[in-house]
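**Q** Below are the structure tokens for one structure; questions will follow.
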Amino acid sequence: MSDRPRIAVTGRIPHAGMELLHEMGEVVAWDSLDVPSVQQVHEMVRGAHAVVTLLTTKVDDAFLDAAGPQLKVVSNVAVGHNNIDLAACAARGVVTTNTPGVLTDATADIAMALVLMVTRRLGEGERVIRRGEPWQWGMFYMLGSGIQGRRLGIIGMGDIGQALARRAKAFGMTIAYSNRRPVAPAVEAELGAQLMSLDELFATSDIVSVNCPYSPATHHLVSTAQFELMKPTAYLVNTARGPIVDEAALVQALQSGRIAGAGLDVFEAEPTVHPGLLECDNAVLVPHLGSATVETRNAMARLAAHNAVNVLSGVEPPTPIPPPAN
Ligand code: DGY
């Protein structure tokens with residue numbers, strides 16, 4: 001039996017990452033675009049020293065039991081890590097890593113695209129043409145809402161929130177944000193960004209963008225009470241994680257005209273989408289494409305592999321998941 005480390009990969013990842021893993025150890029990889037069942041994951045990780053996981057892989061005590069005590073590292077190919085029970089990993093001395101940085105621009109691009117799509121009714125317009133419905137240029141035909149001079153309220157001013165703010169500023173928007181702590185004064189000054197409470201942000205923003213991580217503390221952070229605070233002309237954009245927004249409350253807000261529209265890249269129970277959202281013409285819905293560019297996915301795979309290889313080699317990984325803030 002080989003004494004090279006055993007590495008399990010719970011979904012297909014680009015060659016750029018696989019190459020590094022193959023150089024390091026004996027690799028077992030899930031070779032299908034379908035998501036493996038929990039049981040299939042548990043079989044695959046048995047005896048592994050490193051597991052490279054996708055965001056669809058749940059890493060909990062059952063996973064860690066299935067893997068066994070030799071497991072050293074869980075390397076997530078995503079910046080979000082709500083699929084991993086960090087405390088359970090830490091309790092067993094398993095290092096956890098993610099892929100921040102390399103997907104910042106791609107995700108901020110999608111957030112900005114959703115801002116433009118929903119305010120300019122691009123999804124609605126596209127559907128009219130595809131359905132072969134009659135249409136005619138008209139002075140009052142399918143008017144949207146301009147974003148210049150409007151306030152973008154960003155919830156979660158990490159790398160992606162800041163990258164979105166830069167884009168929005170270039171489009172002439174003003175920036176408000178809510179965050180656990182203020183960003184560096186130089187960044188605030190560069191972006192002209194104003195820190196405010198969540199309530200003030202909801203009440204005064206023309207577009208609210210969700211860019212914070214998902215955790216029990218942010219579950220349904222945006223729900224009926226927040227929609228009640230929002231202007232009826234305001235829009236919601238979510239490119240972070242679905243369960244931060246209460247989808248049933250959102251459907252209600254969209255259907256009743258409580259808010260003007262929503263642009264969503266993420267959903268509460270992916271890949272299922274709340275049936276009410278499908279009926280809302282004022283909702284732009286895209287299937288979790290935030291990091292979906294060839295360049296970004298290659299970079300994510302490479303970084304995740306690098307993280308795993310480093311831990312297996314006894315070297316500090318480039319991007320360990322920081323311990324939770326108190
Ligand atoms: C992430 O990395 O968390 C993204 O959601 C993947 O697209």
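The values are calculated or read from the model by the stated rules, or taken from the named source; none is laboratory data. These numbers were taken from a predicted model, which means no experiment stands behind them. All Cβ positions, even for glycine, are placed from backbone atoms using ideal geometry, and neighbour counts span all protein chains on display. Note: areas computed on protein heavy atoms with side chains; ligands, DNA, RNA excluded. Shrake-Rupley method; radii C 1.70, N 1.55, O 1.52, S 1.80 Å.
**Q** Quick one: which residues, 5+ away or cross-chain, put their amide H under 5 Å from the amide H of residue 52? H built at 1.01 Å from N.
**A** 8, 9, 10, 75
**Q** Residue 208's amide H: which non-local residues (gap 5+, or another chain) put their own amide H closer than 5 Å, with H modeled 1.01 Å from N in plane and none for Pro or chain starts?
**A** Residues meeting the amide H criterion: 153, 235, 236, 237.
**Q** Could you run the Karplus curve 6.51 cos²θ - 1.76 cosθ + 1.60 with θ = phi - 60° over region 297-310 and give me ³J(HN,Hα) per residue in whole Hz, x for Gly and Pro?
**A** Going residue by residue, I get 5, 4, 5, 5, 5, 5, 5, 5, 5, 4, 4, 5, 4, 4 Hz, with x marking Gly and Pro.
**Q** Test of understanding: in a Gaussian network model of the chain with alpha carbons linked when under 10 Å, which of 168, 91, 203 would top the mean-square fluctuation ranking?
**A** 91
**Q** If you don't mind, there's one more thing I want to ask. Taking square-rooted eigenvalues a ≥ b ≥ c of the alpha carbon gyration tensor, is region 15-72 rounded, prolate or oblate, where a/c under 1.5 means rounded and, failing that, a/b exceeding b/c means prolate? Write out the running numbers ahead of the final one.
**A** Values: a/c = 2.05, a/b = 1.21, b/c = 1.69.
Note, shape of region 15-72 comes out oblate.
**Q** So, counting K/R as plus one and D/E as minus one, what does the shell of residues with Cβ under 15 Å around residue 284 add up to? Show your work: numbers first, answer last.
**A** Numbers: positive: 120, 121, 127, 130; negative: 109, 124, 126, 247, 265, 279, 281.
So the surrounding residues net to -3.
**Q** Taking a ≥ b ≥ c as the square roots of the Cα gyration tensor eigenvalues, with a/c under 1.5 meaning rounded and otherwise prolate when a/b beats b/c, else oblate, which class fits region 75-233? Numbers along the way, then the final one.
**A** Working: a/c = 2.03, a/b = 1.58, b/c = 1.28.
Judged from the Cα gyration tensor, region 75-233 comes out prolate (a/c at least 1.5, a/b above b/c).
**Q** Starting from the eigenvalues of the Cα gyration tensor, five times each then square-rooted, give me the equivalent ellipsoid semi-axes of the chain, largest first, whole Å.
**A** Values: eigenvalues 298, 93, 64 Å².
Ellipsoid half-lengths, sorted descending, are 39, 22, 18 Å.
**Q** Dipole of the chain (Lys/Arg Cβ +1, Asp/Glu Cβ -1, origin at the Cα centre): which of 285, 103, 232 lies farthest to the positive side?
**A** Most positive-ward Cα: 232.
**Q** I've got another one for you. Mind listing the phi-derived Karplus ³J(HN,Hα) values for region 184-201, rounded to whole Hz, using 6.51, -1.76 and 1.60 with θ = phi - 60°, and x for any glycine or proline?
**A** Each residue's phi maps through the Karplus curve to give 4, x, 5, 6, 4, 5, 4, 8, x, 8, 10, 6, 8, 5, 4, 4, 5, 4 Hz.
**Q** Distance from the Cα centre of region 71-118 to that of region 199-264, in angstrom?
**A** So the separation of the two Cα centres works out to 22 Å.
**Q** Please give the calculated 222 nm ellipticity per residue for the chain, where each DSSP H segment of at least 4 residues contributes -39500 (n - 2.57) and the sum is spread over every residue; nearest 500 deg cm²/dmol?
**A** Details: 13 runs with 120 residues, N = 326.
It lands at -10500 deg cm²/dmol.
**Q** Something else about it: What trypsin sites (Lys or Arg not before Pro) in region 180-267 are in a loop by DSSP, with at most 14 other Cβ atoms within 10 Å of the Cβ?
**A** Numbers: sites: 180, 241, 258; in loops: 180, 241, 258.
The qualifying sites are 180.
**Q** Per the 1.4 Å probe, what fraction of the accessible area of the chain, in percent, lies on carbon and sulfur atoms?
**A** Details: 8880 of 15640 Å².
On the chain, the fraction of accessible area on carbon and sulfur atoms equals 57 percent.
**Q** Determine the gain in length on full extension of the stretch residue 200-residue 43; use 0.36 nm per residue of separation and subtract their C-alpha separation, reporting nm with one decimal.
**A** Values: separation 157, 0.36 × 157 = 56.52 nm, distance 4.91 nm.
Full extension of this stretch gives 51.6 nm more.
**Q** Read phi for every residue in region 29-41 and hand back ³J(HN,Hα) as whole Hz from Karplus 6.51 cos²θ - 1.76 cosθ + 1.60, θ = phi - 60°, with x for Gly and Pro.
**A** Per-residue couplings from phi come out as 10, 5, 10, 8, 7, 6, 7, x, 6, 4, 5, 5, 4 Hz.
**Q** Among all stretches of the chain without exposed chymotrypsin sites (Phe, Trp or Tyr not before Pro) (DSSP loop, at most 15 other Cβ atoms within 10 Å), which one is longest?
**A** On the way: sites that count: 135, 137, 140, 141, 171.
Longest gap between qualifying sites, sites excluded: 172-326.
**Q** Another question about this same structure. For residue 321, what residues show an amide H to amide H distance below 5 Å, using hydrogens built from the backbone and excluding near sequence neighbours?
**A** Sorted by chain and number, the residues that satisfy this are 96, 97, 98.
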